[in-house]
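The values are calculated or read from the model by the stated rules, or taken from the named source; none is laboratory data. None of the values given here were measured: they were computed from a predicted structure. Here Cβ is always computed from backbone atoms with ideal geometry, including for glycine, and neighbour counts include all displayed protein chains. For the accessible areas, the whole protein counts, side chains as well, though only heavy atoms, and no ligand, DNA or RNA atoms are used. Shrake-Rupley method; radii C 1.70, N 1.55, O 1.52, S 1.80 Å.
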Amino acid sequence: MKEFIIKANKAVTNGEINLKDLPGSSGRLDLLCRCVNSAFFLSHDMRRDTIFYSVNYGSPNPPVALKFVGSELKRVSPDERSIALFIKKALEKDASDLWKESTSGIYSSKREFRDIISEKKSEGKRIFYLHLNGKPLEDFEFKDDEDFLFVLGDHIGIGDEDEEFLEELGAEKISLSPLELHADHCIILVHNILDRLK
Ligand SMILES: C[S@@+](CC[C@H](N)C(=O)[O-])C[C@H]1O[C@@H](n2cnc3c(N)ncnc32)[C@H](O)[C@@H]1O
């Protein structure tokens, strides 16, 4: 199982989303939609073995965590507007401690970024923090039977405190490229690495 989590520092936390202005008034929701696209969409197929989390810290009610489960997703199509519409439906629900499903495979809850990561660590997942200045990809070995969580920042990054948290947790800091990439492109590269193990 491959899981990804992104800290979406500015992404909105209610359903008041202007589908014509995802980058601006919705707090870079465009970026989030592209990450969902990269996490799940193949040409004429979907990645059923993937889960993607976004933890939104924008106004008016942060944090709200969103969970997308590949094996359960239905009717979502790859374009940003379609994905944003499903995110809007999820954010229209009042988030509580429990995961609530809004549409098939899409859930929301009132959870912190760190709590989800800690939960994955206690489930025995190997935690990677994707960062330009991490150790090069070539220094790591991946096995097909391992479960992974890959942690990503948005356009702002995850901030010093969450970086310290990940270091204390023993997350492996990995660099995919000598160049700074977009988060959604990092997801594609990770999938490609793991696809080649099969
Ligand atoms: C556009 S970058 C963020 C840039 C932001 N200014 C920062 O300081 O983190 C978005 C995310 O993609 C990931 N990323 C970007 N380039 C990477 C690379 N070369 N290797 C691994 N991860 C990378 C990181 O998780 C980063 O937070």
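When region 33-46 is examined, which residues are found to be without any contact (Cβ under 8 Å) to a residue 60 or more places away in the chain and either open to solvent by less than 10 Å² (accessible area, probe 1.4 Å) or in contact with an Asp or Glu (Cβ under 6 Å, 6 or more places away or on another chain) (or both)? Let's see the steps before the verdict.
As a first pass, look at region 33-46 and keep what is without any contact (Cβ under 8 Å) to a residue 60 or more places away in the chain: 33, 36, 40-46.
Across region 33-46, the qualifying residues are Cys33, Val36, Phe40.
For Phe113, state whether it is surrounded by fewer than 19 Cβ atoms within 10 Å (Cβ to Cβ) and hydrophobic (A, V, I, L, M, F, W, C).
Answer is no for this residue.
If you take the residues of region 142-155 that are within 13 Å of the ligand (Cβ to nearest atom) and in a loop (DSSP other than H, G, I, E, B), which of them is most open to solvent (accessible area, probe 1.4 Å)?
Among those that are within 13 Å of the ligand (Cβ to nearest atom) and in a loop (DSSP other than H, G, I, E, B), it is His155.
Please determine, by comparing only the residues of region 69-105 that are hydroxyl-bearing (Ser, Thr, Tyr) and under 21 Å from Asp21 (Cβ atoms), which one is most open to solvent (accessible area, probe 1.4 Å). Talk me through it step by step, then tell me what you get.
So the first thing to find is which residues in region 69-105 are hydroxyl-bearing (Ser, Thr, Tyr), and the list is 71, 77, 82, 96, 102-104.
Filter once more, so that each one left must be under 21 Å from Asp21 (Cβ atoms): 77, 82.
Numbers: Ser77: 41, Ser82: 17 Å².
Checked region 69-105; the qualifying residue most open to solvent (accessible area, probe 1.4 Å) is Ser77.
Quick check on this structure: which one of Ile117, Ile83 is within 24 Å of Cys186 (Cα to Cα) and in contact with a Cys (Cβ under 9 Å, 6 or more places away or on another chain)?
Ile83
Tell me, which residue of region 164-198 that is open to solvent by 60 Å² or more (accessible area, probe 1.4 Å) and in contact with a strand residue (DSSP E or B) (Cβ under 7 Å, 6 or more places away or on another chain) is nearest to the ligand (Cβ to nearest atom)?
In this case the residue turns out to be Glu180.
Any residue at all in region 49-68 that is in a helix (DSSP H, G or I) and buried (at least 17 other Cβ atoms within 10 Å of the Cβ)?
No, region 49-68 contains no residue that is in a helix (DSSP H, G or I) and buried (at least 17 other Cβ atoms within 10 Å of the Cβ).
Return only the number of the condition from (1) closer than 18 Å to Gly58 by Cβ; (2) more than 16 Å from the ligand (Cβ to nearest atom); (3) not charged (D, E, K, R) that Phe113 does not satisfy.
(2)
Being more than 16 Å from the ligand (Cβ to nearest atom) and at pLDDT 95 or above narrows it down to one residue among Gly124, Gly134; which is it?
None of the others qualify; the one that does is Gly124.
Considering only residues that are within 16 Å of Leu66 (Cα to Cα), in contact (Cβ under 8 Å) with a residue 40 or more places away in the chain and not in a loop (DSSP other than H, G, I, E, B), which ones fall in region 98-141?
Ile106, Tyr107, Ser108, Ser109, Phe113, Arg114, Ile116, Ile117, Lys120
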